[in-house]
Amino acid sequence: MSSEVLRYFQEISEIPRGSGNEKGISDYLVAFANANSLEFIQDESLNVIIRKKASPGYESRPKVVLQSHMDMVCEKNADKEHDFSIDPIILKIVGDMVYADGTTLGADNGIGVAMVLALLAERELYHPGLEVVFTADEERGMKGAECLDPENIEGRILINLDSDMEGKFYVSCAGGPAVKTSIPLVWENAKKDEAACSIRVRGLLGGHSGSDIDKGRANSNKLMGRILKCLEGRVEYSIASINGGIMYNAIPREAEAVLVANPREIQCILDCISELQSTFFNEYKESDPGIEVSFEELEKKPEKVFSCYAKPMIINCLYLAETGINSMSMSMPGLVESSLSLGTLKTVKDAVEFTTLIRSSVKSLGLDMLDRLKVLAELSGGDISVLSDCPLWEYRPDSEIRKVFDRAYKRLYTKSPEFLSIHVGLECGIFDEKFNGEMDIISFGPDIYEYHTPDEHFSISSAERSYELLCEVLSEIK
């Protein structure tokens, strides 16, 4: 890999850039543009557009838009002390791989940002005019791309660098809404003579709720629903809080419930948890071998618990909430066509909130899943609201940029690339919609593994080849 690509990745890893905290990285990109005498725009949403003039002899070639998002998912291991709002990401190089230290790495999409920065700073490359678009807040619903003013972009060829498998190029993607289900919460006083305990689900692998949804991994929020439902049939208890997951676009790895019960019921709770630990391990021994259900008695007892009316409504909604694959594509074998992922579970002042991400490459299936969520909420006395909605990106049979990538890849590596659809919402869908289908789009990137988890890592050699390919493609566009 160009040593400059790794250097820029190290630089941006020093800057906290979790979704919603992009001011630092946005200002860094502005400073980079100034230092390299490049024209730029920084908008109110903190998106940054940097323009670079064409190389001599390339002035008549069509302008190219290169696009990456600047934010990252912030996940860490439970025993890791790290404040994503102020602490840098600590990098570890192990052989050909770059890891973080107990946190997400931010290769999604930091490696794309680093590749483009290296390209912008390079003086010896041949390329047409470039418009580099760094979007903010992608991981929480692509809010930066949604707010981008299309009048600021002239190019009609877009290369998105937010993919994760070398040699596989995405030419369409799924879309769908993030949906919040709110079940009203009425509180009552906890009984004075009862004991409090915490039940935790942890040790799960988690992963991306789109690209990893077919790996059969456990969802901590759903497992907590099963635990509470099982206990409901065997123990008299109350719930003081239930919480799980951090990001709605990640498969949740941990969940916790704080319960209040008669001290005589504690052993029964322990027995039930022990049985479920064995059950869960047996069910997920291949996909989540580290699964753990733990119990801890608490010295401080909560003063308030869910009312006897709210408790079963919330338990039933959590128990019945859908998560996982909804349908597989019949036209593209192996492609997940539609899915749901229950990403976060949160107790707030007057409700318990569930956030589910719907993904589909067929619009009607997405609408059907949304209707099912609405029905479940209504049966549980609650309602739903759409937090964000990512449009589909449809396949374009006459794509010229796909042909350029095909030729360049074959010439460099003497083998054919794969052009695929992906069960992940990409910002490509928003660009496709904003430019009324006139933008010729492709998405690619190096090998990135276990992103959205603390095990995230990327291949240095794969990033090197991806950078080489990008330079080759830019020199060939006519």
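Listed values, structure above:
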read-out: The range 429-478 - residue that is among the polar types (S, T, N, Q) and either assigned to a helix (DSSP H, G or I) or modelled with pLDDT of 95 or more (or both) and, of those, nearest to Val116 (Cα to Cα); value: Ser466
read-out: Out of Gly210, Gly233, Gly245, sole residue that is of a type outside the set (A, V, I, L, M), touching a residue at least 60 places away in the same chain (Cβ under 8 Å) and more than 22 Å from Gly290 (Cβ to Cβ); value: Gly210
read-out: Residue, farthest from Gly233 (Cα to Cα), within the range 312-346, restricted to residues that are crowded, with 20+ Cβ neighbours inside 10 Å and not hydrophobic (A, V, I, L, M, F, W, C); value: Glu337
read-out: Some residue of the range 406-420 being outside the structural domain of Met330 (by TED's automatic domain parsing) and under 21 Å from the mean Cα position of the chain (by Cα); value: yes
read-out: Search result, residues across the range 206-235 that are at pLDDT below 95 and over 20 Å from Tyr451 (Cβ atoms); value: Glu232, Gly233, Arg234, Val235
read-out: Failed condition for Gly334, given (1) part of a helix (DSSP H, G or I); (2) free of Cβ contacts under 8 Å to residues at least 12 places away in the same chain; value: (1)
read-out: Those strands (runs of 3 or more DSSP E) lying entirely in the range 8-119 with at least 1 residues without any contact (Cβ under 8 Å) to a residue 12 or more places away in the chain; value: 39-42, 91-94
read-out: Within the range 287-301, considering residues that are in a loop (DSSP other than H, G, I, E, B) and surrounded by 18 or more Cβ atoms within 10 Å (Cβ to Cβ), the one nearest to the chain's Cα centre (by Cα); value: Asp288
read-out: Selected residue (only one of Glu232, Glu194 is under 14 Å from Ala257 (Cβ atoms), out of contact with any Leu (no Cβ under 8 Å at 6 or more places or on another chain) and surrounded by fewer than 24 Cβ atoms within 10 Å (Cβ to Cβ)); value: Glu232
read-out: Cβ pairs under 9 Å, 6+ apart, first in the range 163-187 and free of Cβ contacts under 8 Å to residues at least 24 places away in the same chain and assigned to a strand (DSSP E or B), second surrounded by 21 or more Cβ atoms within 10 Å (Cβ to Cβ) and of a type in the set (Ser, Thr, Tyr); value: none
read-out: Residue in the range 320-339 that is modelled with the lowest pLDDT, counting only those that are farther than 20 Å from Ser380 by Cβ and hydroxyl-bearing (Ser, Thr, Tyr); value: Ser331
read-out: Flag if Glu254 is in contact with a strand residue (DSSP E or B) (Cβ under 7 Å, 6 or more places away or on another chain) and of a type in the set (D, E, K, R); value: yes
read-out: Selection from the range 42-60 of residues that are of a type in the set (D, E, K, R) and either surrounded by 18 or more Cβ atoms within 10 Å (Cβ to Cβ) or touching a helix residue (DSSP H, G or I) at 6+ places or on another chain (Cβ under 9 Å) (or both); value: Asp43, Glu44, Arg51, Lys52
read-out: Qualifying residue in the range 310-324 (condition: closer than 25 Å to Lys349 by Cα, out of contact with any Phe, Trp or Tyr (no Cβ under 7 Å at 6 or more places or on another chain) and part of a strand (DSSP E or B)); value: no
read-out: Output for the range 202-235, where each listed residue is more than 29 Å from Gly425 (Cα to Cα) and of a type in the set (A, V, I, L, M); value: Ile227, Leu228, Leu231, Val235
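The values are calculated or read from the model by the stated rules, or taken from the named source; none is laboratory data. Bear in mind the structure is a predicted one, so any value in this text is a computation, not a measurement. Positions of Cβ are generated from backbone atoms using ideal geometry, with glycine treated the same way; all protein chains shown enter the neighbour counts.
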